[in-house]
Amino acid sequence: MSESAAHPVQIFIDADACPVKDEVYKVAYRYDIPVIVVSNSFMRIPRHPLISRQVVSDSFDAADDYIAEQTHGRAIVITADILLADRCLKSGSTVLAPNGKAFTENSIGAAVATRAIMADLRAGAVGENIGGPPPFSKADHSRFLSALDLAVTQIQRKT
C-alpha cells in the first residue's frame, strides 16, 4: 500500500500557544485537509467536519508525545517546540514554525543546539531579562500562510 493510500495528508497543531490556528483552518478548508488540534486543555475550535480536537493529559510533553506518535510522511506539524519538531522530522513529517520557518533535517541540529544554549543562558541569568522571541507580526502571519500553502502543494505532488 502506498504512503498516500495508508495516510492521507493531515495537519497537526501543537495548539496550546499557537498564534496561527485560524490560518491553518483557512488552508485546510481550501485543500480539504483534516486538522487535529492537540492541547492539554479544552480549546474552542470551529464546528467543521475537517477540524477535530484531541485533548491530552496535562502531564509534561503529553501533547508532544501524542503528536509525535501520530505523525507520518504525509503529516504537516505546526509547532514552535524544537524538540517536537525534531521528533516529527524523524517520522518524515513536514514541520513548520508559526512564523513560517520550515524545520528540516539540515536545520534541526542547529536549532536544538541553539535551544540548549538559550536554556543555559536563561538558567544562569538570575534577575536579568535576556529577552524572548520578538512579537508576532502581520508579516509572520503572511509568511506562515505562504509556507503552509507550499508544504501542502509539495506533499500533494508526491502522490
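What follows draws every value from the coordinates through simple rules; no lab data is involved. Keep in mind it's a predicted model, so treat the numbers as computed, not measured. All Cβ positions, even for glycine, are placed from backbone atoms using ideal geometry, and neighbour counts span all protein chains on display.
The packing ranking of peptides 54-61, 21-28, highest mean first, is 21-28, 54-61, where packing means the average number of other beta carbon atoms within 10 angstrom of each residue. Mind grabbing the base-10 log of I(q)/I(0) for segment 1-63 at q = 0.12, 0.24, 0.28 Å⁻¹? Debye formula, identical points on the C-alpha positions, no solvent, two decimal places. The computed values of log10 I(q)/I(0) come out as -0.32, -1.00, -1.19.
Dimensions of segment 1-109 along the principal axes, based on C-alpha atoms and rounded to the nearest Å, stand at 37, 34, 26, largest first. Distance between the pseudo-spin-label points of A102 and F42 (7 Å out from Cα toward the beta carbon): 3.9 nm. Given their separation in residues at 0.36 nm each and the Cα-Cα distance between them, D65 and R53 gain 2.8 nm when the chain is fully extended. Placing +1 on the Cβ of every Lys and Arg and -1 on the Cβ of every Asp and Glu, with no other charges, gives segment 9-108 a dipole of roughly 460 debye about its Cα centre. Return the FRET efficiency for the residue pair A17, K158: r is the Cβ-Cβ distance, R0 is 41 Å, and the value is rounded to the nearest 0.05. Computed FRET efficiency for A17 and K158 comes out at 0.85. Viscosity 0.692 mPa s, temperature 37 °C: give me the Stokes-Einstein translational D for segment 27-83 in µm²/s, with Rh taken as the Kirkwood radius over C-alpha pairs. Approximately 264 µm²/s, per Stokes-Einstein. By the scheme Lys and Arg +1, Asp and Glu -1, what is the net charge of all other residues having a beta-carbon under 14 Å from that of D14? Every neighbour counted, the sum reads -4.
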